[in-house]
Amino acid sequence: MDPVLNFKYLLRFEKRYGQMANGSLCVTKAMQHGLAQNWGIRATVLYDRPPEFFCPTSLQEKHKVSLSPSWATTGIGADDQNETLFTTQVDNDILLKPNRPALVVSSTSWTPDEDFGILLEAAVMYDRRVAALLDENDSADEGVLWKEISGGKQYLYPRLLFIITSRSPEKGKYEEKIKRLNLKRVGFRTMWLSAEEYPLLLGSADLGVCLHTSSSGLDLHVKVCHSGAPVEAFLRKEHLQR
């Protein structure tokens, strides 16, 4: 069957039998309004809520997750159990490093409904803008950045570390594209985390980025709800009604 005809058939099927339901649920007020106006369906809004373990991470947990084997695969893991890029342990106390990079986390499937190019463009703009403001040299290798941070060097503008969680076959293509950008103040690392570590990473982030765009323009991606960090999402106007 022609995909377009198949879609139209499924749309009529869903609309007809949706109107026959005894009760309907949706996840945003914008979708509630759209169903009522376009389909004649009265739905109740039931907002997505993350499990309790999706929450801000404590300093002790942040230090621990930064020492995990998952970080070792990124090439910027800690050699010293008392030091990470973000934290330092003094006796029994865990302290945030004043020169730590800002940690930005995004979970992506590298698919067309998540335009990762937007994030890359923003990273390039930040990298070049900081270089221009501080009149910095671009000749240093990216590895120097992490050594300088570990050595305690202070920066007027924070360095950024983007952690992208993904296992998509498209990942390699984007990793090669990132290398060609020649970024010196922004780092990208991809990793795959266990179910126990993933909430800890989200809760450790200074910022979460959701690149998902809704096909209907009326729902909000569940990734936004799960993050324990402030989230920047690329939303259409309808989402703001949420």
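The values are calculated or read from the model by the stated rules, or taken from the named source; none is laboratory data. Since this is a predicted model, take the numbers as computed values, not measurements. Because the Cβ atoms are built from the backbone with ideal geometry, glycine has one as well, and the counts that use them run over all protein chains shown. The accessibility values were calculated without ligands, DNA or RNA, using every heavy atom of the protein model including side chains. Shrake-Rupley method; radii C 1.70, N 1.55, O 1.52, S 1.80 Å.
Overview of values
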| item | result |
| --- | --- |
| With every protein chain in place, region 3-45: carbon and sulfur % of accessible area (1.4 Å) | 56 |
| Accessible surface, per residue, of region 3-45 when the full set of protein chains is kept, probe 1.4 Å, Å² | 80 |
| Over 24 Å (Cα to Cα) - which of LYS62/LYS153; LYS8/LYS173; LYS147/LYS171; LYS147/LYS179 fall in this group | LYS8/LYS173; LYS147/LYS171 |
| Calculated from backbone phi, Karplus (6.51, -1.76, 1.60) coupling profile of region 28-44 in Hz, x at Gly/Pro | 9, 5, 4, 5, 4, 5, x, 5, 5, 6, 9, 10, x, 10, 9, 10, 9 |
| Accessible area of region 47-195 belonging to carbon and sulfur atoms, whole % at 1.4 Å probe | 52 |
| Of GLY18, VAL90, THR111, farthest towards positive along the dipole that unit charges on Lys, Arg, Asp, Glu beta carbons give region 1-121 | GLY18 |
| Distance between modelled label sites at GLU175 and ASP115, nm, 7 Å Cα→Cβ extension | 2.7 |
| Extension gain (nm, one decimal) between SER168 and CYS55, 0.36 nm per residue minus Cα-Cα | 38.1 nm |
| Calculated FRET efficiency for the pair THR74/ARG128, C-beta based, R₀ 22 Å, to 0.05 | 0.40 |
